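First up is the structure itself, then whatever we jot down about it.
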Amino acid sequence: MTAQISAAIPLRAANLNAIGALDLPTPRYDRNTLVPRILHLGVGGFHRAHMALYTDEVAAEGGDWGIRGAGLLDADRRMANVLRAQDHLYTLIERDSDGSKPRVVGSIIDYTLAAGDPRTFASHVADPDLAILSLTITEGGYALTARNQTIEAIVDALDARRAGAARPLTILSCDNVPGNGDVARDAILRVAERRGAEPARYVESCTFPNSMVDRITPQTQDADRAWLREEVGVDDGWPVVCEPFRQWVIEDRFAAGRPPWDDAGALFTERVHDWELYKLRMLNASHSCMAYLMALAGIVYVDQAVAIPIVRRYLQQFLATEAIPTLPKIPGHPPADYAATVLARFANTGVRDQIARLCLDGTAKFPSFLIPTVEMQIELGGPISCAALAFAGWARYLGTVPAGVRASDSRGERAAGLAERSVAEPLAFLDLDEVFTPGLRASERFRAAFVAGAAALARLDPLGAIEKVLT
């Protein structure tokens, strides 16, 4: 798509007809009829590529649910300014190996910056018309190891709603956290209990559905804005780039109604946990299996990695023989189909997902991504060599790549120290009890597979070590 115009058109409501004339899909519904029954805290790239798009598609079919964004942090100021200047419109750019498909999304109709102003946020939560308070505040946003101002503000706002006699609502976490509804409920309820019985009872009367969310959404780059201006003809201060694939699996527990997101492809089910296992043990585990081996091999992008036949075979073998046998079967959704989708997503050259991103925070990721698969396979007497090589690759990466070069790991200082020892004594790395369970550390079969992987990496390059595992 190339615009034959002299200057890009600023993205604003008054310009939608002109933008539509560029063959760019724009909202065809009357945004003035949307009611902000959803208040979303933490509007970023993922929210705009995911929930806001589902809501936009529902609105296009005649729905009247709208979203009011909210930000409690000074870091949210830029988003507030950009959205306000654009009448809360933005461009979503879906990219795959065949090219880019932009569209304008209109489901966000307002944005409140409440940094240092919790009363304004509370007034929106107390609005009787509000039905859903949705969240993308990251995994760390639920931590209560120190005073968590975000959770405190949510509890204050819910108490204001209680005081106004407004009905309970739904708090819907859209963070990429297993059991995200349970995690949100636990954090909010624990703070509410400190305030007294009444605030706690009100929180307990709200619902916290678990959901599984999935869509690769890289950070927006200046090159993305330039492409949109120069090739499409639209000037957008903060577009969103994502892959075409998206998935949203949700428990249907809503206290005050919900949009028909299922009409836009969301799946409502009580088996959210099983879907989480699909994602953790296939998508996320495959990321971790390739991450450190590919970093050692000097590969920059995920699509470059899976274009190497031996790497693709390694991932296929891991998925088919190690991951899938540990998974529940979801009727109508065979795990082999999900595995094929994972590999197809990895091959997307449009998103250019970086290997360096996959290497972040290994100490936090491996316990849920890969350890359960290995533990179950040991119980079953099944294969573990692909996973063991992934762990050996992680150890070699931490032990040989300089600290200033390797990806950060917020809990990885001890891991790096053990990895340096493991260059000479491979089994030393298994002393990392933050990751390796007592059962794995005691398993002779796992210890032998790990040592074999470490030895192969010491003698061969990463691709050679993969080949040895496959043969």
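A few points about this structure:
- For beta carbons closer than 8 Å, sequence separation of 6+ or different chains, a first residue in region 123-134 that is in contact (Cβ under 8 Å) with a residue 40 or more places away in the chain and within 11 Å of THR207 (Cα to Cα) and a second that is part of a loop (DSSP other than H, G, I, E, B) and open to solvent by 30 Å² or more (accessible area, probe 1.4 Å), the qualifying pairs are ALA131/PHE254; ALA131/ARG258; ILE132/PHE254; ILE132/ARG258.
- Taking region 111-126 as the range and being outside any helix (DSSP H, G or I) and open to solvent by 50 Å² or more (accessible area, probe 1.4 Å) as the test, the residues that pass are GLY116, ASP117.
- Inside region 336-356, residues that are within 18 Å of ALA49 (Cβ to Cβ), among the β-branched types (Val, Ile, Thr) and assigned to a helix (DSSP H, G or I) make up a count of 1.
- Options ILE355, ILE330: the member that is at pLDDT 95 or above and in contact with a strand residue (DSSP E or B) (Cβ under 8 Å, 6 or more places away or on another chain): ILE355
- Going through (1) within 28 Å of GLU379 (Cβ to Cβ); (2) surrounded by 16 or more Cβ atoms within 10 Å (Cβ to Cβ); (3) aliphatic (A, V, I, L, M) one by one, ALA340 falls short only on (2).
- Comparison of ARG161, ARG147 shows that the only residue that is outside any helix (DSSP H, G or I) and more than 22 Å from VAL272 (Cβ to Cβ) is ARG147.
- Within region 164-203, the set of residues being within 29 Å of the chain's Cα centre (by Cα) and assigned to a loop (DSSP other than H, G, I, E, B) comprises PRO168, LEU169, CYS174, ASP175, ASN176, VAL177, PRO178, GLY179.
- Any hit, region 388-401, residues being in a loop (DSSP other than H, G, I, E, B) and within 22 Å of ARG459 (Cβ to Cβ): yes
- Check on VAL35, under 30 Å from ALA166 (Cβ atoms), of a type in the set (A, V, I, L, M, F, W, C), open to solvent by 10 Å² or more (accessible area, probe 1.4 Å) and more than 22 Å from the chain's Cα centre (by Cα): yes
- The residue list ARG421, ARG445 contains one member that is of a type in the set (Lys, Arg) and under 18 Å from GLU322 (Cα atoms), which is ARG445.
- Selection within region 89-106 - closer than 19 Å to PRO244 by Cα and in contact with a Leu (Cβ under 8 Å, 6 or more places away or on another chain): TYR90, THR91, LEU92, ILE93, PRO102, ARG103, VAL104, VAL105, GLY106
- Each residue in region 89-136 was checked for being under 30 Å from GLY164 (Cα atoms) and among the small types (Gly, Ala, Ser), and 9 pass.
- Within region 204-249, restricting attention to residues that are assigned to a loop (DSSP other than H, G, I, E, B) and small (Gly, Ala, Ser), the residue that is nearest to LEU169 (Cα to Cα) is GLY237.
The values are calculated or read from the model by the stated rules, or taken from the named source; none is laboratory data. Keep in mind it's a predicted model, so treat the numbers as computed, not measured. No Cβ is skipped: glycine too gets one built from the backbone with ideal geometry, and neighbour counts run over all protein chains shown. Each accessible area value is taken on the protein alone, full model and side chains, heavy atoms only, with ligands, DNA and RNA left out. Shrake-Rupley method; radii C 1.70, N 1.55, O 1.52, S 1.80 Å.
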